[in-house]
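The values are calculated or read from the model by the stated rules, or taken from the named source; none is laboratory data. Note that the structure is predicted; figures quoted are calculated from it, not measured. FYI the Cβ positions are ideal-geometry reconstructions off the backbone, even for glycines, and counts take in every protein chain you see.
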Amino acid sequence: MLRRLLVLASVLATAACTQAAPATQDTGNPGKDLTIAFLMPCSTCADRFESKDKPYFEEAVKAIDPNIKVIAGNAQGDAAVQLQQAESALTNGAKVIVVSPFTAEAGASIVAKADAAGARVIAYDGAIEGAVPAAYVSFQNEKVGELQGQFLLDKLPPGATVAMINGDITSAPGREFKAGAHKILDPAFQSGRLKLGYESDTPGFDPAKGQQAMEQGLTKLADNVQGVVAPNDGLANAVITALTARKLNGKVLVTGQDATDAGLGSILAGNQSMTVYKSIRAEATATAKIAVALAKGDAAAVTGLTTSTVDNGTGKVPALLLDPVAVTKENIADVVIKDGYSTKDKICAGLAADKCSL
């Protein structure tokens with residue numbers, strides 16, 4: 001009898017230990033075995049994705065829960081590759097996919113794949129159309145174009161000719177930048193206050209294609225252009241390269257976006273006129289909070305972490321849309337450097353070294 005009691009006690013003790021172990025492990029590692037994917041569209045779109053967005057996002061996730069794994073991918077301008085990267089992330093256990101879609105349609109395919117796998121998708125920087133993601137975090141992209149258009153409207157003399165070297169309009173941000181600029185400039189074009197001399201869209205935001213388009217525009221206009229809408233600093237640099245070949249750099253107003261070191265340096269050197277600054281750290285950090293909440297199954301937290309909803313044509317998406325800021329040489333220090341986005345040493349290099357007054 002005594003032997004039977006001892007055996008039973010041993011069995012019960014073993015069972016108790018077996019049941020307790022997982023609970024102790026989960027408590028100590030709340031993010032253990034959780035994976036989040038961060039998928040970027042391309043390097044030609046903007047170099048910020050690799051240099052700013054990805055490290056900021058990884059840093060923010062780690063600060064929230066160091067046990068969560070982040071896997072990153074860059075589609076390098078290929079929607080099919082981006083879909084493959086999403087499929088690979090799901091195969092490797094990603095519970096959330098944060099994606100800046102190369103095209104709005106590609107984003108919809110990723111949402112469909114994630115839904116089938118029981119995962120969630122956050123549209124990052126660019127909207128997804130044709131499907132409803134769990135959330136959308138970006139900036140007021142149409143306002144970016146408005147700031148660029150307003151700058152030219154304020155600075156150009158009556159009768160000035162404008163060229164518009166737009167971005168990729170197969171992406172939601174590209175369409176929104178273009179729409180914002182037209183919203184401001186179209187009344188001036190229609191009244192004759194300004195003249196739209198040339199306009200071209202740029203697949204993939206590719207600077208090489210943007211430079212070629214600007215060269216064609218200059219040929220068409222016999223170099224008679226006083227202002228250029230370029231949606232980001234990469235295309236602004238391409239425009240400036242084309243202008244420089246005709247000794248027009250510094251004489252034509254050129255807009256930009258992303259407040260890159262090269263773009264800011266070009267502003268100080270007098271070749272670029274303005275850029276639009278977006279606090280990418282704020283964007284990436286806010287997205288990380290939503291992504292971690294979703295990865296841990298707390299879908300209700302999305303409501304508290306977003307401030308509005310956006311109707312993408314398929315449904316209403318919880319959204320957080322941050323404000324962009326126009327930057328000229330007068331406020332680089334107060335906006336970009338003060339926010340910790342860059343430093344004087346990085347900006348005041350190359351052609352800007354001798355003209356830096358920050």
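Among the residues making up the stretch 146-194, those that are within 30 Å of ASP78 (Cα to Cα) and of a type in the set (Ser, Thr, Tyr) are THR170, SER171.
Here VAL302 passes the criteria (1) in contact with a Cys (Cβ under 8 Å, 6 or more places away or on another chain); (2) not assigned by TED's automatic domain parsing to the domain that holds ALA236 except the one numbered (1).
Under the condition of being touching a Pro at 6+ places or on another chain (Cβ under 9 Å), small (Gly, Ala, Ser) and free of Cβ contacts under 8 Å to residues at least 12 places away in the same chain, the residues counted in the stretch 292-311 number 0. Taking the stretch 131-221 as the region of interest, the strands (runs of 3 or more DSSP E) fully inside it that hold 1 or more residues being closer than 21 Å to GLU283 by Cα are 135-139. Restricting attention to the stretch 244-270, the residues that are closer than 19 Å to ALA163 by Cβ, among the hydroxyl-bearing types (Ser, Thr, Tyr) and assigned to a loop (DSSP other than H, G, I, E, B) add up to 1. When the stretch 331-355 is filtered for residues that are crowded, with 17+ Cβ neighbours inside 10 Å, within 20 Å of GLY250 (Cβ to Cβ) and not small (Gly, Ala, Ser), the ones remaining, listed by number, are ILE332, ILE347, CYS348.
Figure legend. Inter-residue proximity from the stretch 254-272: first residues assigned by TED's automatic domain parsing to the domain that holds GLY210 and buried (at least 24 other Cβ atoms within 10 Å of the Cβ), second residues charged (D, E, K, R) and part of a loop (DSSP other than H, G, I, E, B), beta-carbon distance below 6 Å, spacing 6+ or different chains. Indicated pairs: ILE267/LYS329. Based on what the data block shows, is VAL302 assigned to a helix (DSSP H, G or I), in contact with a helix residue (DSSP H, G or I) (Cβ under 7 Å, 6 or more places away or on another chain) and within 30 Å of ASN67 (Cβ to Cβ)? Criteria met by VAL302. Of the set (1) among the hydroxyl-bearing types (Ser, Thr, Tyr); (2) in a helix (DSSP H, G or I); (3) under 20 Å from GLY234 (Cβ atoms), all apply to SER273 but (2).
Looking across the stretch 30-41, just one residue is surrounded by fewer than 23 Cβ atoms within 10 Å (Cβ to Cβ) and under 20 Å from SER100 (Cβ atoms), and that is THR35.
Residues considered: LYS289, LYS251. Of these, the only one that is within 17 Å of the chain's Cα centre (by Cα) and surrounded by fewer than 22 Cβ atoms within 10 Å (Cβ to Cβ) is LYS289.
Being surrounded by fewer than 17 Cβ atoms within 10 Å (Cβ to Cβ) and either not small (Gly, Ala, Ser) or not assigned by TED's automatic domain parsing to the domain that holds THR255 (or both) is the filter here; which residues of the stretch 196-220 pass it? Passing the criteria: LEU196, GLU199, PRO203, GLN212, GLN216, THR219, LYS220. The number of residues in the stretch 70-92 that are surrounded by 16 or more Cβ atoms within 10 Å (Cβ to Cβ) and within 14 Å of ALA295 (Cβ to Cβ) comes to 4. Any residue that is within 18 Å of VAL276 (Cβ to Cβ), buried (at least 20 other Cβ atoms within 10 Å of the Cβ), touching a Gly at 6+ places or on another chain (Cβ under 6 Å) and of a type outside the set (A, V, I, L, M, F, W, C) - is there at least one of those in the stretch 149-161? No; the residues of the stretch 149-161 include none that is within 18 Å of VAL276 (Cβ to Cβ), buried (at least 20 other Cβ atoms within 10 Å of the Cβ), touching a Gly at 6+ places or on another chain (Cβ under 6 Å) and of a type outside the set (A, V, I, L, M, F, W, C).
In summary, GLU330 fulfils each of the numbered conditions (1) part of a loop (DSSP other than H, G, I, E, B); (2) of a type in the set (Asp, Glu); (3) not assigned by TED's automatic domain parsing to the domain that holds PHE177 with the single exception of condition (3). Confirm whether ILE110 is of a type outside the set (S, T, N, Q) and not in a helix (DSSP H, G or I). Answer is no for this residue. Count, please, the residues in the stretch 59-90 that happen to be outside any helix (DSSP H, G or I) and more than 16 Å from the chain's Cα centre (by Cα). Adding up the residues that qualify gives 8. Pairs are defined by a Cβ separation below 7 Å, a sequence spacing of at least 6 or placement on different chains, a first member in the stretch 155-168 that is among the β-branched types (Val, Ile, Thr), and a second member that is in a loop (DSSP other than H, G, I, E, B); the pairs so defined are THR161/LEU221; THR161/ASN224; THR161/VAL225; THR161/GLN226; ILE165/THR202; ILE165/ALA230.
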